[in-house]
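Here is the structure we will look at.
The values are calculated or read from the model by the stated rules, or taken from the named source; none is laboratory data. Because the structure is predicted, anything quoted here is derived from the model rather than measured. Glycine also receives a Cβ, built like all others from the backbone with ideal geometry; neighbour counts cover every protein chain displayed. Keep in mind that these areas ignore ligands, DNA and RNA; they rest on the heavy atoms of the full protein, side chains included. Shrake-Rupley method; radii C 1.70, N 1.55, O 1.52, S 1.80 Å.
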Amino acid sequence: MEPVSTLLIGKGSMKLPDTSTFEPLLPQATNVRLSVTAQNSLSTHTTYELPCERERVGAPRGLQLMDVVHRFTLRRCIASPLNESLLELAERKEQAAAECEMRLVHIPPGPGSNAGVVKTNKGGYQSYPDLFEANSPNLCGELRDLVSVALTEVVALELDARGHSTSYEGDEWLAPAPGELHEAYAWLNVNRGANWNAVHQHDVERWSAVYFVSDGEPNAPGFPCPESGHMLFRCGPKGRPAHPATDLAQPSHFSHSYMSVAPTPGSLWIFPGSVPHAVMQAVLPDGVAEAEQARISIGINFLDAKPPPPHGIPPVDPIA
């Protein structure tokens, strides 16, 4: 079985039937204009629609439901020094975690501890989720400011789509308190070589995010797995164009699709926590040495704003 299929079938509560098949999804990118405030720190905002993996209870039969994910890029003048500092922090905490493992007295993970935690990560290092706490380094506070600006852009876009202004009128529960940032917690991910993350979800009623700090050894043409080191969104079957003879939507030959996300440094992805996702291990050609620099990202869960329910695309009917 191909590495992507093996990973995406999943295990436990996330497991799909062994007969599941997957095809790459290349969703259309929609560019969104940034607010004047956001332009101070962000350079782009792009959205993508992903077919939902499961049908929603009560949805009309044949209705294809779509989740929307958001990609932001930080301005280079901000991302470059921030990533350099985050890289140093990640390597320092990873080394400290290794030293914790070698001590005779076990040091458990917790607030202020460098000991690693094991969640969906298979190897590698994942820190305790306290990067956004008050006693964290200043650079973590800078990142928290940036992701809060980005989520404000996401919420404003969703409110506009539902006929509201960007003032949160009627949707006060989406807004942070005056002068406050969106509530969130965050953790470091350090993956090397064969390290990977199993398919998982976050809080299904909240937004989640990942910020990429370092891509390690970037994938290149001719590598055996185009998705090597990428984050993968697991999706439902992608829709087919209508058949020219019948104007009916054609069924997909695959049970599922997936969107592959390269770990481009300086990019921030915000997505509904309900969207299943995983991280591929690095798959290198024979003779290519493992990269000295790790793939490093920051995982983020937001605590206040709720993503909207998936929106539907009606089934294609014959033209009368």
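For the stretch 63-158, the fraction of 1.4 Å probe accessible surface lying on carbon and sulfur atoms is 52 percent.
In nm, what is the difference between 0.36 nm times the number of residues separating Lys15 and Thr46 and their Cα-Cα distance? Mind showing how you got there, number by number?
Values: separation 31, 0.36 × 31 = 11.16 nm, distance 3.02 nm.
This chain segment gains 8.1 nm when fully extended.
Between the amide H of Gln64 and those of Ile313, distances stay under 5 Å, these residues lying 5 or more places away or on another chain, with hydrogens modeled in the peptide plane.
For Cys140, Cys52, what's the largest-to-smallest order of accessible area, 1.4 Å probe? Don't skip to the end; give the middle numbers.
Details: Cys140 5, Cys52 25 Å².
Per-residue accessible area, sorted high to low, gives Cys52, Cys140.
Would you mind getting me the FRET efficiency between Glu183 and Glu2? Use the beta-carbon distance for r and R0 = 35 Å, nearest 0.05.
Working: r = 40 Å, r/R0 = 1.13.
In this case the efficiency is close to 0.30.
Amide H contacts for Phe132 (H built 1.01 Å from N in the peptide plane; partners 5 or more residues away or on another chain; cut-off under 5 Å): Ala186. Modelled spin labels at Cys77 and Ala194, positioned 7 Å past Cα toward Cβ, are 4.6 nm from each other. Phi angles across the stretch 202-209 convert, under the Karplus curve 6.51 cos²θ - 1.76 cosθ + 1.60 with θ = phi - 60°, into 3J(HN,Hα) values of 10, 4, 5, 10, 9, 7, 10, 7 Hz, Gly and Pro given as x.
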